[in-house]
C-alpha cells in the first residue's frame, strides 16, 4: 500500500469517526461569547481531534494548550509505536531472553497497567499478542490470510502476559522467553487521550473533547450544561448512529469488527485476536462501547470484552466501579444489544435495535 492509499484510507476513517463521535453544532448556541477551537492531526495511525470551548481564554492561549496536548500524544506515539523502528517498544521487542532495557516512566506505566488489565480479565486483554498479529498479517501491507493451525499453535507459545518481566525498582523490561513481543495498540491511544486531557487541564481549560480513533474523553459539560453529545456508529450501517450519549468528565471507547477486518469463506474476522485461541474474533460481538472514568481503562476493557463476549463481558463490567458497557452482537444476520445496568443513564437518544 503506497503513501497516497494510506492517506486516503486515514481520511476516510476521519469521515467515519466524525460521524462516530459528533459534537452537535447546535450546542454551541448557549455559549455565545465562548472561544471555540477544533483542530485535527493524523497521528497514531488515525485522526486525532481536539475541541476546546472556553469562555475566559483567548484563542491564542487555547491554541497553545492544544499544541502542547498534540505534543504529548506525539511523544507517546514516538515511544510506543510498533511501526517506528526507533520507538521504545520496537527496541524492547528486539531484546533477547537474558537482556533488560530501561523504559521511560510513561512506557513502563502503560505496560504495568496493561498487565493489571490482563489479570483483571483473566488474560482476555494481553499485549503479548504481537506474534499473532504479525502471523495474521495485520502489520503487513499485503493481503491478510488465515494461517495454518500449527503456525498459530507455535505463535501461542510466545503469548502470555506472565512472560513480561518488569522491574519496578530499576524501571526495566525483559522477557522470559526468546521471541516474546508486545503491542500496545489496545491501550496506547486511550493513554494518549488521557495525557492530552491532563495537559489541557494544566492550562486551565475546563471544557474539551479529545478523540483518537475510537477513544474519546469528554471533559466538562461541553458547550451547554447538559454534557457533550457523542454519537456511536452503527456497526453495520456506515454513517448511521446506534445511539447518542451525553457525557461529562467521562471516557468512552468503542471497539468494532468494522474498523479493520477481512473476510474468509463469508466469515468476518476482526483485528482483535483472542490471546487464548490465537484466532481473531468474528461476529460476536460486532462492537463494544465502554464508558469509564479514564480513556486508558475504557480502551483496554473494550478490547477485552470484545474477546470474552456479551455474557462474561457484562459480568466483568458489573464487578468494576463506574464502568458501563454496551455490547452489540450479530446472530444470524440480526443485531442484538446487551447493556450493563447503568449504561442508559448516559443515553440521550437510543436506536430501535432489540435489547436483551
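The values are calculated or read from the model by the stated rules, or taken from the named source; none is laboratory data. All of these numbers come straight from a predicted model, not from anything done at the bench. Ideal geometry is used to build each Cβ from the backbone, glycine not excepted, and the neighbour counts take in all protein chains shown.
Put simply, of 62, 48 the only residue that is at pLDDT 90 or above and either surrounded by fewer than 14 Cβ atoms within 10 Å (Cβ to Cβ) or part of a helix (DSSP H, G or I) (or both) is 62.
Taking residues in the stretch 109-131 that are on the phi > 0 side of the Ramachandran plot, and partners anywhere that are buried (at least 18 other Cβ atoms within 10 Å of the Cβ), the pairs with Cβ atoms closer than 6 Å and at least 6 places apart or on different chains are 123/275. Given the criteria over 21 Å from the mean Cα position of the chain (by Cα) and more than 22 Å from residue 74 (Cβ to Cβ), does residue 235 qualify? No, not satisfied.
Identify, please: which residue in the stretch 135-169 is in contact with a strand residue (DSSP E or B) (Cβ under 7 Å, 6 or more places away or on another chain) and in a loop (DSSP other than H, G, I, E, B) and is, among those, modelled with the lowest pLDDT? Working first, answer last.
Of the stretch 135-169, the ones in contact with a strand residue (DSSP E or B) (Cβ under 7 Å, 6 or more places away or on another chain) are 136, 144, 146, 163-166.
Now restrict to residues that are in a loop (DSSP other than H, G, I, E, B): 144, 146.
Numbers: 144: 59, 146: 78.
Of everything passing the filter in the stretch 135-169, 144 is modelled with the lowest pLDDT.
Please specify each residue of the stretch 220-244 satisfying the condition of being closer than 26 Å to residue 201 by Cα and either crowded, with 24+ Cβ neighbours inside 10 Å or at pLDDT below 90 (or both).
Kept after step one, since they are closer than 26 Å to residue 201 by Cα, are these residues of the stretch 220-244: 220-232, 244.
221, 222, 223, 224, 225, 226, 227, 228, 230, 232 - these are the residues of the stretch 220-244 that are closer than 26 Å to residue 201 by Cα and either crowded, with 24+ Cβ neighbours inside 10 Å or at pLDDT below 90 (or both).
Selection of the stretch 251-270 for residues being closer than 18 Å to residue 327 by Cβ and either at pLDDT 85 or above or not in a strand (DSSP E or B) (or both) yields 251, 252, 253, 254, 255, 257, 258, 259.
Would you point out which residue out of 65, 97, 58 is touching a strand residue (DSSP E or B) at 6+ places or on another chain (Cβ under 8 Å) and farther than 25 Å from residue 201 by Cβ? Talk me through it step by step, then tell me what you get.
Working: 65 fails: farther than 25 Å from residue 201 by Cβ; 58 fails: farther than 25 Å from residue 201 by Cβ.
So the residue among 65, 97, 58 that is touching a strand residue (DSSP E or B) at 6+ places or on another chain (Cβ under 8 Å) and farther than 25 Å from residue 201 by Cβ is 97.
The residues of the stretch 192-214 that are within 9 Å of the chain's Cα centre (by Cα) and either at pLDDT 95 or above or at negative phi (or both), listed by number, are 212, 214. When the stretch 94-108 is filtered for residues that are more than 14 Å from residue 175 (Cα to Cα) and either in a loop (DSSP other than H, G, I, E, B) or without any contact (Cβ under 8 Å) to a residue 24 or more places away in the chain (or both), only 104 remains. No other residue among 239, 231, 222 is outside any strand (DSSP E or B) and under 24 Å from residue 272 (Cα atoms) apart from 239. Can you say whether residue 164 is in contact with a helix residue (DSSP H, G or I) (Cβ under 8 Å, 6 or more places away or on another chain) and under 25 Å from residue 305 (Cβ atoms), as far as the supplied structure shows? Yes; evaluated as a whole, the condition is true for this residue. For the stretch 174-208, the set of residues classified as buried (at least 24 other Cβ atoms within 10 Å of the Cβ) and in a strand (DSSP E or B) consists of 208 only.
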